[in-house]
Amino acid sequence: MACVKQRPTRKSVSLPTAGSKDLVSKTVDSTAISKTLPDTAGTKRPAAVPDSVSVNGKMVAVTDSAARDTLSSPDDLQFVVKYTARDSTIMETLAKEVHMYGDAEVTYGTINLKADYIRLNWITNEVYARGTYDSTAKKMVGEPIFQDGGTTYNTKEIRYNFESKKAIIKGIITQEGDGNIRGNKVKKDTEGNFYIQKAMYTTCNLTHPHFYINAPKIKLVHQKQVISGPFNLVISDVPLPIALPFGFFPFPKKKEIGTSGIIFPTYGEEPNGRGFYLRNGGYYFAISEYINAQVTGQIYSTGSWGLGVASTYISRYRYNGSLSLNFNRNRSSDEIDQLIKKGITNDFSIQWSHTPKPRGNSTFSANVNVSSNSYNQFQEFDTQKYISNVASSSVQYNRTMGQYLRGAASLRVNQNFGQISAETGRRENGKTNISSDFSFGVNQIAPFALNNPRGRWYESFRMGLDFSGNYTLTNVLSTIDTSYTSLGFRLTNTIDTARIGKQEILPFNTGSLPDMLKDAQFTGRYSLPISLPNFKILRFLNFTPSMSLNGEVFTKQYRYSVAGQGLIKMDTLQKAGTQYSYNFGAGLNTRFYGTFFVRGKRLEAIRHTVIPSMSFTYTPDFTGDAFGFYQRLQITDDEGTVKELALSKFRGIGSGVSNGKASSVVSFSLNNSFEMKLKSKSDTASTQFEKISLLDNFSLGGNYNLLADSLNLSNITVNANARIGKNLNLNFNMNLDPYTYVPDKSSTAGRKINKYAITQGQGLASLQNLGFTLGTNFSPKKTDSKNKPATGANSTATPEQREFVEQHPELYVDFTIPWNVSLNYNFNLSKPGLSKTTIIQAVNVTGDLSLTKNFKITASTGFDFSAFQPTITQLSLMRDLHCWDMSLSWTPFAGSRTRVSNYSFTLKVKSSILQDLKVSRRRSFYDQSAY
């Protein structure tokens, strides 16, 4: 090992001590030789070298000799130069050079150079390295490996100056970011930049890459980016005829998801839509490791355009999120619409996701997805988003204060985008509901068990307090029921005829805001939840008493007055008020079993579990004048009969409004489950028997109001679910109405009367609704998890990238799953009252198959038996081409005339820095629609 020592005003050379029998030193054991390199040729004094010999005019160091030669220089190097060689080290004192052979190595600060041969010059401060030819292997061995900090360069030949930090290199290969650079002749400047001639840039890590960028000149800006002159792409040694004038490839930084740069747009055509286009081109801003942003745009040959802004942000251990804003102005491709300046529409989308990390006593979260009715129809490529007809959004804040107090506030938006109009081809009659909620509460406490509870029965008594408020704004105006049949009188008020018997849907815009605000209502609710002690009756019956107090706060009231025979006038008062109610009740339930012993070869027994339950709830009459919640009126009907009405001061009139009368409701339910007990197949099994469920649940329930003047019995509901075998899941539900229906002009379902269906010869009950689903999934047995590597064990992805993959698994393909098939059948029958029976049934199949470890096929399809046509069908092929990804997606059937089949083909590089080197073609759903 040789070591150069630095002195302030002079440089010295220390040779080994005398005593060796060899004339030429062999540093197999890395014998140290120390020297200080002079800067340039300066004044020097010949030094006596008593322990060296002259060999062919060269001074050769003797291993057991020592001497000192002092050389003066005005400048010194910054670091100690250390060098060593396995084979031999030869010093030329006259030429001031050191020759190292066999695994030679030179280290200078953060710079390290290894080669089979290295020459070190003391005068010029230069080091030269190259490999040697191995005649046995018939190839070059020990070619130079130059390392500067954390970057390594494989070369064929290199000359490097320690002082200027410049270098001339031949045959370089280096790794930068996700890519590697290769070139024939290279110059390195003092700032660490490389100027490479006849260069190749690729992200393929093979010795002979599958593809590369071929450029006459490339500039490698150290640890930042690659800047290229004119270049073309070469795939499988075949140069593509398309060339670009320049290239810019930034290297992702270690602590950032990306680096600022240009986002290249996609191109294509909508033949019967908006024409030729450039989409999603713009600029990406890597602001910091905590936040980034991108601005993208769209432009179409018909004059349509779009603009989008997106950003992601993260605060480690606190929260992370993303925000996306998009606006599109669509212009019809129809020439007539363009002449009369029609067919111009606007679409927008707002998406915001904010996820907090659990910490502290408060949380703020957001999941916002708000868009115009036709945004998904014209702007989204994904099949599921295209067919989606609903969207929901919420922004929530929760906070706990101490042990008992809590508060929350939220803003929610629910959208139904409506149906596609046959005339315009756009979704119309969309419904939007915006609600703002807040709540404040006191957690339930046990007042009799605050100090030293002793397990007494009354210590389980608990109570709390909840208060909540809600303000709802919607473009769907509620139905007004003014029929004499249902009300028993007629209103003299001017009624919006569009709302009689049906909902009125207004356009959700500022012009409709006054009507929406007029129909909006603030409602505050409060309750006093009370938990009473449970009791055991006769050891097996569980008796649970209950009591509740609920109230509501309103911002307006109603006043009624008689305007004539069978006529009532209704006035709205802008006056706040409150209404409350309370009830008492009790519940009784138990559980019993029945076992059928079979004692077969494997089947030992079948057990039937029955859980009957019954509850009773009493609510007093709140129509009395003492409460002030209802207004009593004496009115004469059309037949001349005088009757008394109790009309709500806060809820108005119509269907769905409680009459405030006393109720005494008995609720009942019966739950059943079946399971069988089997002997284990093997005598060596850990358990002798195993239990298998035959029917997870089969239940029916309903209620009976003892104080109702008619229609005392509610509908009977039946529910069941079971797991048949290991893979088949069954869910079943049914709704039965015990009463008779008679024809009514105001409704196709007819009118329910107070007569049981069985008394009219219509059976035990009439079927109102029936539905069931069957689903199964097939996949190979799971492999042993012990043989699987830990997630991310060999991955070079950053934590942010791994988190993105976990949050968006649908964007990636898992080739490790050999195959998977899911099959679902849905059936629904609806027949409310006397209306016609409506049946909806469909079967859906999804699956994927890995033909090889790098080739996967996925498919999803179905058949709608009601429409007697296939549902949306999509086939996809994914191929992992080592350093490339290829995907082909085809939708042969899209489900309706307005949805035209699409296809998409993409061939792109895996690396993020070369993601725009791709060949893609997409034909959208709406290539033949209005836009």
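Each reported figure results from applying straightforward, stated rules to the coordinates on display, with no laboratory input. In this text the structure is predicted, and so the values were computed from the model without any measurement. Because the Cβ atoms are built from the backbone with ideal geometry, glycine has one as well, and the counts that use them run over all protein chains shown.
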### Query
Looking at the square roots a ≥ b ≥ c of the eigenvalues of the Cα gyration tensor of the range 171-251, which shape do they give, rounded for a/c under 1.5, prolate if a/b is larger than b/c, or oblate?
prolate
#### Entry: Spin-label pair THR151/TYR319, simplified geometry with 7 Å Cα→Cβ offset, distance in nm
3.9
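Find the Rg to Rh ratio for the range 483-641, where Rh is the Kirkwood radius over alpha-carbon pairs and Rg uses the same atoms. Kindly include the intermediate steps, with their values, before the conclusion.
Details: Rg = 26.5 Å, Rh = 22.0 Å.
Across the range 483-641, the Cα-based Rg/Rh ratio is 1.20.
How much FRET efficiency would the formula 1/(1 + (r/R0)^6) give for ARG359 and ILE235, where r is the Cβ-Cβ distance and R0 is 45 Å, rounded to 0.05? Mind showing how you got there, number by number?
Values: r = 50 Å, r/R0 = 1.12.
So, using R0 = 45 Å, E works out to roughly 0.35.
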### Task
Starting from the Cα of ALA243, step 7 Å along the direction of its Cβ; do the same at THR424; then give the gap between the two resulting points in nm.
5.2
### Message
I need the calculated FRET efficiency for the pair LEU711 and LEU278, taking r as the beta carbon distance and R₀ as 56 Å, to the nearest 0.05.
### Response
0.30
## Note on the structure
Subtracting the Cα-Cα distance of VAL562 and ILE350 from 0.36 nm times their residue separation yields 71.3 nm
### Query
How many angstrom separate the Cα center of the range 355-419 from the Cα center of the range 148-198?
52
### Task
Kindly give the semi-axes, whole Å and largest first, of the ellipsoid equivalent to the range 410-477, taking each as the square root of 5 times a Cα gyration tensor eigenvalue.
51, 12, 7
### Task
Would you mind ranking TRP122, TRP819 so that the residue whose beta carbon has the fewest other beta carbons within 10 Å leads the list?
TRP819, TRP122
### Message
Assuming 0.36 nm per residue, please report the length gained on full extension of the stretch SER746 to ILE537 beyond their Cα-Cα distance.
### Response
70.1 nm
### Task
Give, in nm to one decimal, the length gained when the segment between LEU573 and ASN112 is fully stretched (0.36 nm per residue of separation minus the Cα-Cα distance).
157.2 nm
### Query
Under a plain spin-label model, where a point goes 7 Å from the Cα along Cα-to-Cβ, how far apart in nm are MET614 and GLN384?
4.8
### Query
In the structure shown, do any of LYS601/LYS679; LYS502/LYS649; LYS752/LYS836; LYS156/LYS198 have a Cα-Cα gap over 18 Å, and if so which?
LYS502/LYS649
#### Entry: Overall Cα dimensions of the range 107-262 - principal axes, largest extent first, Å
48, 39, 26
### Task
Round to the nearest 0.05 the FRET efficiency obtained for ALA95 and GLN175 when R0 = 35 Å and r is the Cβ-Cβ distance.
0.45
### Message
List residues of the range 396-430, by number, whose backbone nitrogen lies under 17 Å from a label position 7 Å along Cα→C-beta of LEU450.
### Response
402-405
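Would the range 113-160 count as rounded, prolate or oblate if I go by the C-alpha gyration tensor, calling it rounded below 1.5 in a/c and otherwise prolate when a/b exceeds b/c, oblate otherwise? The partial results should precede the final answer.
Details: a/c = 3.40, a/b = 1.42, b/c = 2.39.
It comes out oblate by the Cα gyration axes.
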